[in-house]
Each structure stands twice: as C-alpha cells, then as structure tokens.
1. I'd like the orientation of helix 38-57 relative to the chain: the angle between its Cα long axis and the longest Cα principal axis, in ° from 0 to 90, rounded to 10.
2. What dipole magnitude, in Debye to the nearest 20, does the range 4-205 give about its Cα centre under +1 on Lys/Arg Cβ and -1 on Asp/Glu Cβ?
3. Under the definition of Cα pairs under 8 Å and six or more residues apart, what whole-number percent is the relative contact order of the chain?
4. Can you classify the chain as rounded, prolate or oblate using the Cα gyration tensor, where a ≥ b ≥ c are the square roots of its eigenvalues, rounded means a/c under 1.5, and otherwise it's prolate if a/b beats b/c and oblate if not?
5. What is the angle, in °, between the Cα long axis of helix 169-193 and the longest principal axis of the Cα atoms in the chain? Nearest 10 is fine, range 0 to 90.
6. Taking only Cα atoms and a 10 Å spring cutoff, compute GNM fluctuations for the chain and point out the largest among 43, 98, 69.
7. For the range 87-98, in order, what is each residue's ³J(HN,Hα) by Karplus, 6.51 cos²θ - 1.76 cosθ + 1.60 with θ = phi - 60°, in whole Hz (x at glycine and Pro)?
8. Please return the longest range in the chain lying between exposed loop sites, taking trypsin sites (Lys or Arg not before Pro), DSSP loop only, at most 10 other beta-carbon atoms within 10 Å, and leaving the sites out.
Amino acid sequence: MRSSYFTFKGQTSLYVFVAVLFLVGVIFGALMVNALSLEQRQDLEAYLGNFFMTVQHSSQGTEHTGYWDIAMLHLKWVGLIFILGLSVVGLPGILVLDFLKGVLIGFTVGYLVGQYSWKGLLFALVSVAPHNLFVIPILLICSVAAMTFSLYIIRNRVLMHRAPGRQRPFASYVILTVVMAVLLLGVASFETWITPAMMRWVTPMLLPV
C-alpha cells in the first residue's frame, strides 16, 4: 500500500465488473419498456404530459428549494453504498444498487425514445445524460471502494489473513466517500439550476399542439 488502499491500479477487474453490471441494467431497463401493458403506457403518458406542463410553466425562483431534495437523493444513494460496504453481507446489495441504477436510466431513456422518437432522445440528452455523466462514475467509484473494503473485511477479519504495515483502509474508505459526496453536491447544483433550463427549451416540442 503506497498511498491509499483504494487505487485504480489493482482494482481494474472490479471497475470492469461493476461497469458491465451497470450496462446490463441499462439494457434490461430499456427492454422493460416493451413489457409495459397498454394501461401502463397510458398512465406513463399522462404522467409525462403533466410533468412536461409543469416544467414548461415552472419558475426559476422555486428551483433553490429543490436543491437539497436532489442533493439528498444522491447522498442517500452514496450513503447506502457506504453502509453496505461496512459488512460482508452488504456486498451483494452493492451490486444490486448498481444494477438498479442502470435499470432506472435504461427504462427512462428507452421509454422517452420509444414514445417520442427523436424528440424523446433530445429530451433525454438534456434531462438525463448531463448530470449522470458525473453521477454514474462517482457511484461506480463508491461501489468499487465499498466492495474493496468489504473484501478487506473478509480477508482480514473472517479469514484472519492480516497484512501488517498497511495504512488504515477504513480511513481511506471514509475520505474517498466524503470526497465523492462533495462532488455530488456540485452535480446537484448543475441538476437544480442548469438542467431545468435545458428542459424548458425542449419541452415545447413534446407538448401536444
């Protein structure tokens, strides 16, 4: 251990694994759109119609009230990953969260594209893609760190394979999680004030004439 217990080198296989798991979730979520019944499609269409109207007529003065809602949503996700990484039994839960995140994004983008064609793709590019370009890597980094610490517990506490002279992995784990949480606060700012403006630019194309 030269600088930190959580380094990219030596964890490449874990990064590849969680990235592939996330992509599988995206594909699965996109395929779920085809399994929706007519009634479910109608309910979603009505919900999105109301959502587009709300976005179109929303005022920028109320956006600051939603910052902490968005920030807390991201922080809760990271916090849950952090807590799961503190135990051996939490390891499968981390994988489930990565898969579910992919499913949510895949379903959202898949439905928008399937329902609204290129207009839905454009809306997804301005509403889903920008902040997730930062959120997803951060969550994957947190997931790999949590998995690494969980594996460390298995090796050093369960299997009793202690490695003297190493830096304290728990301190590195906490510091990395805090840094990622701070980055998510910045992403939440973008998602609160920039994303709605871009959405208001696209929503008129999706509203019925």
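1. 80
2. 940
3. After rounding, I find 38 percent.
4. Prolate shape, in that a/c is at least 1.5 and a/b is the bigger ratio.
5. Compared with the principal axis, the helix lies near 10 degrees.
6. 43
7. These are the phi-based 3J(HN,Hα) values: 9, 5, 6, x, 4, x, x, 4, 5, 5, 5, 5 Hz.
8. Answer - 10-161.
Rule-based calculations on the coordinates, nothing more; no lab input. Because the structure is predicted, anything quoted here is derived from the model rather than measured. Every residue, glycine as well, gets a Cβ built from its backbone with ideal geometry; the counts of neighbours run over all protein chains shown.
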